[in-house]
Structure formats: C-alpha cells, structure tokens
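What follows is a single structure, written as structure tokens, with notes after it.
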Amino acid sequence: MRISYNPLWKLLIDREMNKKELRELSGISTASIAKLGKGENITTDVLLRICTALNCQISDIMETVPDAESEEQSDNADTGGIE
C-alpha cells in the first residue's frame, strides 16, 4: 500500500486554489509541496497544517492505494500463483 494525495489536488481544483496559494495559506514549505506532488512521505504536522488551512479532515486530502507490488502479489494469490 502507498499514500496518494490525489484527493488534495481534487480539493484544490474544487476550491479554485493552486499549490502556491495552499503553501501560503498553510505555511508549509516548497519542499513539502514538492514531496506531496511526488507522492512522497511527509510529516503529520504538514498534513495537519493543510487540514487546518483548508478546514477539512485528513481523509479529504489523502488515501491509501495498492502499489504495483501489492497488486502483483494479489493477482498471483488470485490465480494460485499460476500465470
């Protein structure tokens, strides 16, 4: 499993905001914005700052999704390891 920040980008679109406005409103660094854009791990402090700035819940800005390795293992389990 991995974290996806796609819900955050959709929320910004809905609110007609860009990443720069999010950064200024939440007080997070450009490095944190870059990590979010790459789907990398960030601290819970950054996530809470974003939630506070956008007045939303953490589930509104991130979700868990299966990664390619997990999907492959799941597919092999479904077929009994036979491809």
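The values are calculated or read from the model by the stated rules, or taken from the named source; none is laboratory data. Since the model is a prediction, treat every value here as computed from it, not as a measurement. Just the protein is used for accessible areas: all its heavy atoms, side chains included, with ligands, DNA and RNA removed. Shrake-Rupley method; radii C 1.70, N 1.55, O 1.52, S 1.80 Å.
What region 2-65 shows is 63 Å² of accessible area per residue, with the surface traced by a 1.4 Å probe over protein heavy atoms. Sorting SER59, SER4, SER29 on solvent-accessible area from highest to lowest, probe radius 1.4 Å, gives SER59, SER29, SER4. When Rg and Dmax are taken over the Cα atoms of region 2-65, they come to 10.4, 28 Å. Dividing the mean sequence gap of close Cα pairs (under 8 Å, 6+ apart) by how many residues region 2-65 holds gives a relative contact order of 55 percent.
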